[in-house]
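For reference, the structure discussed in these notes is given below.
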There are 2 protein chains.
Amino acid sequence: MPDGWTIPAARQGRRSVRMSGFGDATAVKQVDDGRYEAVLDGDFGFAEALNGGYLMAVLGRAAVDASPHAHPVSTAANFHRVAKPGPAEVTVESRKQGRTAAASLVTLVQDGRPVVDALITTGTLDAAAEPAWTGEAPPAMPPLEECTDFRPPSGDGFADRVDMRFDRSTMGWLDGQPSGRPEIRGWFRHRDDYAIDAYSLALAVDALPPVALNLGAQGWAPTVELTWHMRAVPAPGWLAVHGGGRLLSDGWFDEEVEVWDSAGRLVAQSRQIARVPRLRS
Amino acid sequence: MPDGWTIPAARQGRRSVRMSGFGDATAVKQVDDGRYEAVLDGDFGFAEALNGGYLMAVLGRAAVDASPHAHPVSTAANFHRVAKPGPAEVTVESRKQGRTAAASLVTLVQDGRPVVDALITTGTLDAAAEPAWTGEAPPAMPPLEECTDFRPPSGDGFADRVDMRFDRSTMGWLDGQPSGRPEIRGWFRHRDDYAIDAYSLALAVDALPPVALNLGAQGWAPTVELTWHMRAVPAPGWLAVHGGGRLLSDGWFDEEVEVWDSAGRLVAQSRQIARVPRLRS
């Protein structure tokens, strides 16, 4: 297993955390105009690094709360520093108020420093909208019962919160046999009864192991930038999460994720650019 | 021709502008710590709306000038208002200084209001880097002599500055026969002798007509968000620009662009999300 996927001793011995749901873990509380407080839940990450999708869900809630619209339609996030479990501040600065969309700069702050900056556009998607045109769906994933649920042997909080079932053909890297194709696919749902919504999509677009693991990348791959767009209001049920990439060069790689809902709709799409520490020689 | 592609009378009668090169048109002049001045060139747009790629080139120059690194590796831009030809201010606020990458919030300001916000990560790409892995190249484009250069009959400044030759099979929308596939492809170079570089890539990722025109979209499609990544230092010569999309729904559509250089390298990739005013019934 790549280094980044082992759980340090400190983490294994972490004190038991409250098993609140995804809603509580991403809640924000307004304390002033454009200022929110959050308590970041250490379960949504690996080791002491919180998951970027989880952080985007928190930022999205603040952006929507401060806007007249219902959904975080577009989120472009820069990850500057590692976010730590515990208290954080979220600031929302309005940049544009429009009839169909509003834009704001949303920042997660810890220890007085910006941890994540995001440009978030809010809008209100029509849950009944029928696509005017959709591209081809990705190849169907294997049924749930043929997938593997991959929990790190030492345990981790993320797998306590998110139920993911991976297409085995994309998990060869786990056994030291990366496929050579930067693809990882899996089913996704919350372990609690939180209904799949916009904030679930924020989590889903960054929930896969880095696809570069299948190119022999080792260790953790820190995300530098991730942009995702919410394309439709997701139907209840499992999400299918398809990850791919186009280029690994000069220590940088891109990862694209498409999320399809149980009704067969493309509900979210993302691209991130990340650093690859080193390749297996 | 869709409405957005006609040139209003006011534009046709515009006064002749200086025919400076792309370098001059995107130049920024530092006036204070993190503050730059630019003079936006009306030729880089259609009607009175300046091209988003051109604006990102200007912002990228300011970001790189204020950073220890050489290239705008990642740019996530929100387009709030229409930028007008003439003077503009560019502010650069550092958010993270790193050894391999630095991040800043870069804003184009006119009339005291934010026109474009961009989160820009700078880094220094190695011009000699060989890709560790690359995905399949898109299908080859027709040779230049089989392409069409499409200049709006009323003339426009953009075509005076940028030489684009389009794959005819993707230009049916011009004759009222959209292909039904959201794809437009073309060759790209500057008309002056400016050598293709990072800032050329910023222009190239937003230089195609909206791919939704091939789905029957009419009128202009304002970009709400565009993220692009510079993946390699481009070789001299023509760029191949491949535009596609995945979903048009609820008035929103996405457009992905890949830019390949004359050496056959993927040098830039982008996705934008835009509003579609209406579809041809």
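For the residues of A:121-134, the average number of beta carbons from a partner chain within 10 Å of their own beta carbon is 5.
Can you sort A:E37, A:E145, B:E130 by how many other beta carbons sit within 10 Å, fewest first? Fewest-to-most ranking of A:E37, A:E145, B:E130: A:E145, B:E130, A:E37. Neighbour counts of C-beta atoms inside 10 Å place A:D167, A:D126 in the sequence A:D126, A:D167, starting with the fewest. Across region A:144-281, C-alpha contacts under 8 Å between residues 6 or more apart give a mean separation that, scaled by the residue count, equals a relative contact order of 23 percent. Mean per-residue shielding of peptide A:217-224 is 2, counting Cβ atoms of other chains within 10 Å of each Cβ.
For region B:24-43 and region A:174-230, write down the distance between their C-alpha centroids in whole Å. Spelled out, the Cα-based centre of one part sits 40 Å from the other.
Neighbour counting of Cβ atoms within 10 Å sorts the residues B:D65, A:D33, B:D250, fewest neighbours leading, into A:D33, B:D65, B:D250.
Given a Förster radius of 25 Å and the C-beta distance between B:D163 and B:K84 as r, what FRET efficiency does 1/(1 + (r/R0)^6) yield to the nearest 0.05? Taking R0 as 25 Å, the efficiency between B:D163 and B:K84 is 0.50. A point 7 Å from Cα along Cα→Cβ stands in for B:A137, and the other copies hold the same point at 3.4 nm, listed in rising order.
Label-point spacing at B:A49 relative to the other copies reads 3.9 nm, in ascending order, each point sitting 7 Å out from Cα along Cα→Cβ. When you restrict to C-alpha pairs under 8 Å that are six or more residues apart and normalise by the size of region A:156-196, the relative contact order lands at 47 percent.
Tell me the relative contact order for chain B as a rounded percent, counting alpha carbon contacts under 8 Å between residues six or more apart. Result for chain B is 18 percent.
Bear in mind that the values in this text are calculations on the coordinates, not laboratory data. Quantities reported herein were computed from a predicted structural model and do not represent experimental measurements. Every residue, glycine among them, receives a Cβ derived from its backbone with ideal geometry; neighbour counts consider all protein chains shown.
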